[in-house]
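Worksheet: the structure to be examined is printed underneath.
The values are calculated or read from the model by the stated rules, or taken from the named source; none is laboratory data. Bear in mind the structure is a predicted one, so any value in this text is a computation, not a measurement. For neighbour counting, all protein chains shown are included, and Cβ atoms are generated from backbone atoms with ideal geometry for every residue, glycine included. These area figures cover heavy atoms from the full protein model, side chains too; ligands, DNA and RNA do not enter into them. Shrake-Rupley method; radii C 1.70, N 1.55, O 1.52, S 1.80 Å.
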Amino acid sequence: MSSADLAQSIGRELPYLRRYARALTGSQRAGDNYAAATLEAILSDRSVLEAEDDTRIGLFRTFHAIWQSSGQPVEEGERTARESRAQDHLRNLTANSREALLLRTIEELRYDQIARVMQIDQAEAEELVQIALNEMSVTLRGKVMVIEDEMIIAMDLKGIVQAMGHEVTGVARTHTAAIELAGQGRPDLILADIQLADGSSGIEAVNELLRDMGDIPVIFITAFPERLLTGERPEPAFLISKPYTEEQVRSAVSQAMFFSSTEGLDAA
């Protein structure tokens, strides 16, 4: 593969590596630092990708080599009380289980691909995902608000969240309704689409809620992920593409409940 072709191929996959890194670290800044270190490693030694015929797998595998060697899940520095609690929880999880779960549910890799990324055998990859799901299922229960204009999807999300043991405070179909609903009781987590019924923006609604209520974890579930994967503005730690799976939603909700460093988004 020529240098130009390789650069183009990496460019296509980079937004998804950054998404994964954000979900893993809980921070756009920390995630982007790891993504940047991955690119630097590839620039220094292109052979790290040449051993893998799939650029995406090679890119993620290079990331994981750096991630494992660093031994530090997030950058040091000031943390909110919520982030500190999250780190305490993460230290209690089985090693590598969360990484395997994210690769499976958020990035939708097959088990054999996860094994190649993490350089383990496929059976271990499958076991790690199941361990993570079991361990995540004991996270604290909370109140979840849904911002979604398609009622069938909203009811499906509500059912998934309630089956996990969380309380759904309500469903909002517009920016205005979201602000009113949140005013009735502060949620612990927000599930939000970015394009709402009256043409209003879920991003704007979330930004307003975060300004008014402070640090609340947000999971964006959207048919337009490219609007949030630009690298030009703050991006959410958790972003799920429609159509989604129940496994993806359960995974993201469980993690966001204890590992939240949601950052506001400029309206798009």
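In region 37-56, the condition of being at pLDDT 90 or above, among the acidic types (Asp, Glu) and open to solvent by 40 Å² or more (accessible area, probe 1.4 Å) is met by at least one residue. Is it the case, given these coordinates, that residue 61 is outside any loop (DSSP other than H, G, I, E, B), surrounded by fewer than 19 Cβ atoms within 10 Å (Cβ to Cβ) and of a type in the set (D, E, K, R)? So residue 61 fails the test.
Taking (1) in a loop (DSSP other than H, G, I, E, B); (2) in contact with a His (Cβ under 6 Å, 6 or more places away or on another chain) in turn, residue 205 satisfies each apart from (1). Out of the residues in region 177-194 meeting the condition of being more than 19 Å from residue 241 (Cβ to Cβ) and of a type outside the set (A, V, I, L, M), tell me which one is most open to solvent (accessible area, probe 1.4 Å). Across region 177-194, the extreme among qualifying residues is 184. Counting the residues of region 129-176 that are over 18 Å from residue 244 (Cα atoms), open to solvent by 10 Å² or more (accessible area, probe 1.4 Å), touching a residue at least 24 places away in the same chain (Cβ under 8 Å) and in a helix (DSSP H, G or I) gives 4.
Given the criteria among the β-branched types (Val, Ile, Thr) and within 18 Å of residue 248 (Cβ to Cβ), does residue 203 qualify? Answer is no for this residue. For region 11-26, the set of residues classified as touching a Lys or Arg at 6+ places or on another chain (Cβ under 9 Å) and either surrounded by fewer than 17 Cβ atoms within 10 Å (Cβ to Cβ) or within 11 Å of residue 59 (Cα to Cα) (or both) consists of 12, 13, 16, 17, listed by residue number. Do you know which of the residues in region 92-128 that are within 16 Å of residue 245 (Cβ to Cβ) and open to solvent by 50 Å² or more (accessible area, probe 1.4 Å) is modelled with the lowest pLDDT? Taking the candidates together, the pick is 108.
For region 1-10, a residue qualifies if it is surrounded by fewer than 12 Cβ atoms within 10 Å (Cβ to Cβ) and not aliphatic (A, V, I, L, M), and the qualifying residues are 2, 3, 5.
Take residue 219 and tell me if it is at pLDDT below 90, touching a Leu at 6+ places or on another chain (Cβ under 6 Å), within 23 Å of residue 19 (Cα to Cα) and not in a loop (DSSP other than H, G, I, E, B). So residue 219 fails the test.
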